[in-house]
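Asker: Here it is, the structure in full.
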Amino acid sequence: MQQKSVAIVGAAETTKMGKIPDVSVIGLHADAALNAMKDAGLKPSDIDGVATAGISPVELAHYLGITPTYADGTSVGGCSFMLHVRHAAAAINAGLAKTILITHGESGRSRVGAGGFARSPSSLMGQFELPYGVTSPPTMFTIPVLRYMKTHGVTEEDLAMVSVVQREWAALNPRSSFKDPITVDDVLNSPMIAWPFRMLMCCLVTDGGGALIVTSADRAKDFPNKPVYVLGTGESVETPMVSQMEDFNTSKAFRVSGKKAFDEAGIKHADVDHLMIYDAFAHLPLYGLEDLGFVKPGEAKDFIRERNTAIGGKLPLNTNGGGLSYMHSGMYGMYALQESVRQMRGIAPAQVKDAKISVSHGVGGMFAASGTIIFSNESP
């Protein structure tokens, strides 16, 4: 992708966030989509491309009355929306569409119109992991994280510190699910879920959604709000079975996706003003900081403990409060993208002063997939 050849010109989350028992999954998609269109000053007839995960783009287009020339149903877990941004950029560059709507909606808590979690016994996971009790994210992510902790001397206190710092950011965000301050002791005294994860190390389960509108950079200034340009993109996948990762101490998908995005953007790590790392569980920011190259292997725990990612730190991380305190409906990647866009527009509740470059990095499944988008608010 050519740098800054496309831009985000519409961005919004659902009108309500957290507990929404009266809106279905498709309704959440539509609410977010209409809010993003309002933000961009558009109507459904102005959209000629759609992308979504969780539901079919066919269902989305029909529900909104859109007749697209481009449709993307890529679904690789929570980072699907990062991949959608990357694919939308490629589609616009290729002339397949001019204005692409990317949506997310999930009734993770209320389960209104939501599908089940069943995994087929004939799938790879069904055959080789489920029989051993590996049935849910807390029991899946424990497999790599225990090896990582042993290798790098990471303690429960180190994991707890991730939750503590992100709650500090969440306290600045009026839409956060949880805002009350917590301490390391609070985290360690919360109920055990699956060793080493305590409840306050695990993501929220909420309802909500978000939407983005992508168009070409040469059209971006024609819209009512400040455009945010896509500087670099990356994506990769590794394995559907967390037990079969190449190395439990690092995510190959993270490394490949991140390097591709940084190479495409032509930037150095020191150029990054703001960072979002998908945090379904407290260990993921540690992996992200290391696999993206911000710190060396084993150094992330100290980097966070020394408050480099906290308010006033040199690398503000997960400034919306993250999946641990802000919002996590199941596929969190859209919310990370939304916060990067807010930061680049200069309208975030916890705005990073003079931020010009933001990196939004996502995970899909249990290290199964990854997507990385680098944004800039400086025009081409």
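Asker: Please tell me if GLY133 is open to solvent by 70 Å² or more (accessible area, probe 1.4 Å) and modelled with pLDDT under 90.
Answerer: The answer is no for GLY133.
Asker: With (1) surrounded by 24 or more Cβ atoms within 10 Å (Cβ to Cβ); (2) in contact with a Ser or Thr (Cβ under 6 Å, 6 or more places away or on another chain); (3) over 20 Å from SER216 (Cβ atoms) as the list, and ILE92 as the residue in question, which single condition is left unmet?
Answerer: Of the numbered conditions (1) surrounded by 24 or more Cβ atoms within 10 Å (Cβ to Cβ); (2) in contact with a Ser or Thr (Cβ under 6 Å, 6 or more places away or on another chain); (3) over 20 Å from SER216 (Cβ atoms), the odd one out for ILE92 is (3).
Asker: Criterion first (crowded, with 16+ Cβ neighbours inside 10 Å and modelled with pLDDT under 95) does GLY49 satisfy it?
Answerer: So GLY49 fails the test.
Asker: Quick one: which of GLU290, GLU235 is acidic (Asp, Glu), more than 30 Å from GLY133 (Cβ to Cβ), at pLDDT 95 or above and buried (at least 24 other Cβ atoms within 10 Å of the Cβ)?
Answerer: On inspection, the qualifying residue turns out to be GLU235.
Asker: Only one residue in ALA280, ALA265, ALA261 is crowded, with 17+ Cβ neighbours inside 10 Å, in contact with a Phe, Trp or Tyr (Cβ under 9 Å, 6 or more places away or on another chain) and either modelled with pLDDT under 95 or of a type outside the set (Val, Ile, Thr) (or both). Which one?
Answerer: It is ALA280.
Asker: Let me ask something else about it. Looking at LEU188, LEU204 in this structure, which one is among the hydrophobic types (A, V, I, L, M, F, W, C) and either under 30 Å from LEU42 (Cβ atoms) or surrounded by fewer than 20 Cβ atoms within 10 Å (Cβ to Cβ) (or both)?
Answerer: Of the residues listed, the single one that is among the hydrophobic types (A, V, I, L, M, F, W, C) and either under 30 Å from LEU42 (Cβ atoms) or surrounded by fewer than 20 Cβ atoms within 10 Å (Cβ to Cβ) (or both) is LEU188.
Asker: While we're looking at this one, here's another question. Give segment 90-121 a look and list any residue that's of a type in the set (Gly, Ala, Ser) and either touching a Pro at 6+ places or on another chain (Cβ under 8 Å) or modelled with pLDDT of 90 or more (or both), or say none.
Answerer: Within segment 90-121, ALA90, ALA91, ALA94, GLY95, ALA97, GLY105, SER107, GLY108, SER110 qualify.
Asker: Among ILE373, ILE357, ILE311, which is crowded, with 24+ Cβ neighbours inside 10 Å and more than 26 Å from THR151 (Cβ to Cβ)?
Answerer: ILE373
The values are calculated or read from the model by the stated rules, or taken from the named source; none is laboratory data. Worth saying up front: this structure is predicted, and the values here are computed from it rather than measured. Positions of Cβ are generated from backbone atoms using ideal geometry, with glycine treated the same way; all protein chains shown enter the neighbour counts. These accessible areas exclude ligands, DNA and RNA; they are computed on the full protein's heavy atoms, side chains included. Shrake-Rupley method; radii C 1.70, N 1.55, O 1.52, S 1.80 Å.
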